[in-house]
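What follows is a structure written as structure tokens; I'll ask about it next.
The values are calculated or read from the model by the stated rules, or taken from the named source; none is laboratory data. Remember, it's a predicted structure, so these values are computed and weren't measured experimentally. We place every Cβ from the backbone using ideal geometry, glycine too, and count neighbours over all the protein chains shown. Heads up: the accessible areas ignore ligands, DNA and RNA and are worked out on the full protein's heavy atoms, side chains in. Shrake-Rupley method; radii C 1.70, N 1.55, O 1.52, S 1.80 Å.
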Amino acid sequence: MASHLLIPFSSTPVESIAPTVSRLQSTFTSLKTHPLAYREEQLRKLYWGIKDNEQRLIQALKADLGKPYFEAKVVEIDWTCADLLYVLKNLRKWAADDKVDLPLLHRLVLSPRIRKEPMGTVLVIGAFNYPAPLALAPLIGAIAAGNTAVIKPSEQAPHSAAVITRIIESALDPEAYAVVNGSIPESTELLNQKFDKICYTGNGAVGRIVATAAIKHLTPVLLELGGLNPCFITKSADAKLAAKRIAWGKFHNLGQVCLAPDYVIIHPSLEAEFVGAFVQTLKEFFPEGASKSPDLGRIVNTRCYHRITELLNNTKGTILYGGGQDESRLFIEPTLVKIASPEDSLLSEEIFGPLLPMLAVEDLDSMISVARKVGDCPLALYIFSGEKEEEEKILKNIRSGGATVNDVFFHAVLPSVPFGGVGESGTGSYRGKASFDAFTHRRPVVNQPLWMESQLRMRYPPFTPKKLDLMRKASGTTEPNFGRDGKLLRRSLVSWVLLLGAHSRKRAAFRYLLLMAGRKHTPLWQFVVLVLGECVKMRRHMVTMSRCPLQVLMRMKMQELRC
């Protein structure tokens, strides 16, 4: 290890936290972070800050987690940089005003739009298992959206936190972005400050503390938590392929992954084949033995090591493979355990380590019942099956933050796919555009022309029946196309065609006028035939009623050009 690249970790003085947050709030109020050019410049500088400290970060991850070079390079650095470049490429498109779906007249007169505006000063609290992406991915979104931000890396990975501090302080504007390091006192003081949004990645216990602190200031929170992620292996699955892919995902970062397959529910007919393939896969992955492999990390600290080994020591299951422990090296061997009940200790909490319990269950309904009992809303759901019906049944009956079929992790590694949980596994999402959206306020803006005052006179008192009638017409009040039983009212085809899909004769008259405007030199009889024909086609294809005359007019114009 090139220890000279490691940077000492130091906690932020508690008394400096409030002034730091105040400084960032003043910067936001000055509108300094609002221009897109400023945001893009900061993101570019962040990219090079990561690249210039790449080797320092790799060595820090090795010191904190024993993280192999391959994992550190691919997941911590390359993935984060790819996410950053993806955001830079699309930022101006995402930041542009959105149009509002309103009738044409309203759009022309009022110019309604949705502005994308920054929320303010935000707090990002990272996690130890992936120190760089879990702190920097939300920060990328916060910068892209035009916010100022405080970043709190996990103190459980101190060397990585020190490098992240160096990256941010050397690359970004210190008036807009700051790092706070420390443990409970520093975190408590941070949560006492008023932020405009808080993003926390970690466990549910701390997530509840963060959410409770945020309530004091009515601060919205984005929580990416965890849970026991089930892995279904149905009777139609490819057991050998499932074993290989699950082993790869389970022992990545030595199981310290919120998305890791936490337990396997398998059909009894595939149990022997799965176990054999799983053991063979581990021997192929680690030919010299897992304890000697340079491709496996270590448990982050002694406290986490004891928690995981206690789960294993208390199990009533049978260890089928592994089970070795070495506290001096904070190493636990990849372990496969056959359990007999969902009440086993290995399913009492999120494992966050290299233990994989396996439960044989006879039918799909029972599998679903077990998964619901273990945890209602896991962060991830994995399904190994060869039948679409089985896959669909599991997806419908098990809620989860995300799901991958016939593999693991992939719903959460694509830069354009939002990453987040549901229920106990979190709220909100980030990554790519979702990171931008997470820290953006969508602000509706309407411009009411001054010359409209006479047309708006019906809204002022004293009110009369005539004003009410005018107001209802102006607001486009319509009659429902369904009855009290909730079923759609069906009109005859003849009635629908003659009214051009309108709900009243007045509206039908307007549509006829609109269509006549596009008639020009078309003979009347041919025009009528074309209109009727297009109306029948549109009814068959369920075209939206409000667009019916415009659709017909466009088709008429195309017909005219072809002639």
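Quick one: residue 147 ticks every box in (1) within 20 Å of the chain's Cα centre (by Cα); (2) open to solvent by less than 20 Å² (accessible area, probe 1.4 Å); (3) touching a residue at least 60 places away in the same chain (Cβ under 8 Å); (4) over 23 Å from residue 217 (Cβ atoms) except a single one, so which number is it?
The single condition residue 147 does not satisfy is (4).
Of the residues that make up the range 224-237, is at least one at pLDDT 95 or above, assigned to a loop (DSSP other than H, G, I, E, B) and open to solvent by 30 Å² or more (accessible area, probe 1.4 Å)?
Yes, the conditions are met somewhere in the range 224-237.
Residues to consider are 324, 289; find the one that is open to solvent by 20 Å² or more (accessible area, probe 1.4 Å) and touching a Ser or Thr at 6+ places or on another chain (Cβ under 8 Å).
324
Something else now. Being at pLDDT 95 or above and touching a Pro at 6+ places or on another chain (Cβ under 9 Å) is the filter here; which residues of the range 351-368 pass it?
Selection gives 351, 354, 355, 356, 359, 360, 361, 367.
Moving to a separate point now. Name the one entry in 309, 281, 302 that is free of Cβ contacts under 8 Å to residues at least 24 places away in the same chain and β-branched (Val, Ile, Thr).
309
With respect to the numbered conditions (1) part of a helix (DSSP H, G or I); (2) surrounded by 17 or more Cβ atoms within 10 Å (Cβ to Cβ), which one is the sole condition not fulfilled by residue 37?
Answer for residue 37: the failing condition is (2).
Then there's this: Going by what's in this entry, would residue 209 be described as surrounded by fewer than 18 Cβ atoms within 10 Å (Cβ to Cβ), closer than 28 Å to residue 354 by Cα, modelled with pLDDT of 95 or more and not assigned by the TED database to the domain that holds residue 361?
Considered against the rule, which asks whether it is surrounded by fewer than 18 Cβ atoms within 10 Å (Cβ to Cβ), closer than 28 Å to residue 354 by Cα, modelled with pLDDT of 95 or more and not assigned by the TED database to the domain that holds residue 361, residue 209 comes out as yes.
So which of 130, 177 is in the same structural domain as residue 60 (by the TED database), open to solvent by less than 20 Å² (accessible area, probe 1.4 Å) and aromatic (Phe, Trp, Tyr)?
Matching residue, one of 130, 177: 177.
Open to solvent by 10 Å² or more (accessible area, probe 1.4 Å) and touching a residue at least 24 places away in the same chain (Cβ under 8 Å), is that true of residue 189?
Judged against the criteria, residue 189 is a match.
Tell me whether the range 219-231 contains one or more residues that are free of Cβ contacts under 8 Å to residues at least 40 places away in the same chain and in contact with a Phe, Trp or Tyr (Cβ under 8 Å, 6 or more places away or on another chain).
yes
Report the residue count in the range 245-270 for those that are surrounded by fewer than 18 Cβ atoms within 10 Å (Cβ to Cβ) and among the charged types (D, E, K, R).
0
Something else now. Please state which of the following conditions residue 319 fails to meet, knowing it meets all the rest: (1) surrounded by fewer than 23 Cβ atoms within 10 Å (Cβ to Cβ); (2) part of a strand (DSSP E or B); (3) in contact (Cβ under 8 Å) with a residue 40 or more places away in the chain.
(3) is the only condition that residue 319 fails.
While we're on this one: Among the residues of the range 332-352, are any in contact with a Ser or Thr (Cβ under 6 Å, 6 or more places away or on another chain), of a type in the set (Ser, Thr, Tyr) and crowded, with 23+ Cβ neighbours inside 10 Å?
Looking through the range 332-352, none of the residues is in contact with a Ser or Thr (Cβ under 6 Å, 6 or more places away or on another chain), of a type in the set (Ser, Thr, Tyr) and crowded, with 23+ Cβ neighbours inside 10 Å.
Right, here's the next one. From the list 416, 400, exactly one residue is open to solvent by 40 Å² or more (accessible area, probe 1.4 Å), touching a residue at least 24 places away in the same chain (Cβ under 8 Å) and not in a helix (DSSP H, G or I). Which is it?
Going through 416, 400 in turn, just one is open to solvent by 40 Å² or more (accessible area, probe 1.4 Å), touching a residue at least 24 places away in the same chain (Cβ under 8 Å) and not in a helix (DSSP H, G or I): 416.
Sticking with this one: Could you tell me how many of the residues in the range 189-211 are hydroxyl-bearing (Ser, Thr, Tyr) and over 22 Å from residue 142 (Cα atoms)?
Matching residues across the range 189-211 total 0.
Still on this model: Only one of these conditions is not met by residue 408: (1) of a type in the set (A, V, I, L, M); (2) modelled with pLDDT under 90; (3) touching a Pro at 6+ places or on another chain (Cβ under 6 Å). Which number is it?
Result: residue 408 fails condition (2) only.
Got a sec? Which of 201, 219, 212, 188 is within 15 Å of residue 429 (Cα to Cα) and polar (S, T, N, Q)?
201
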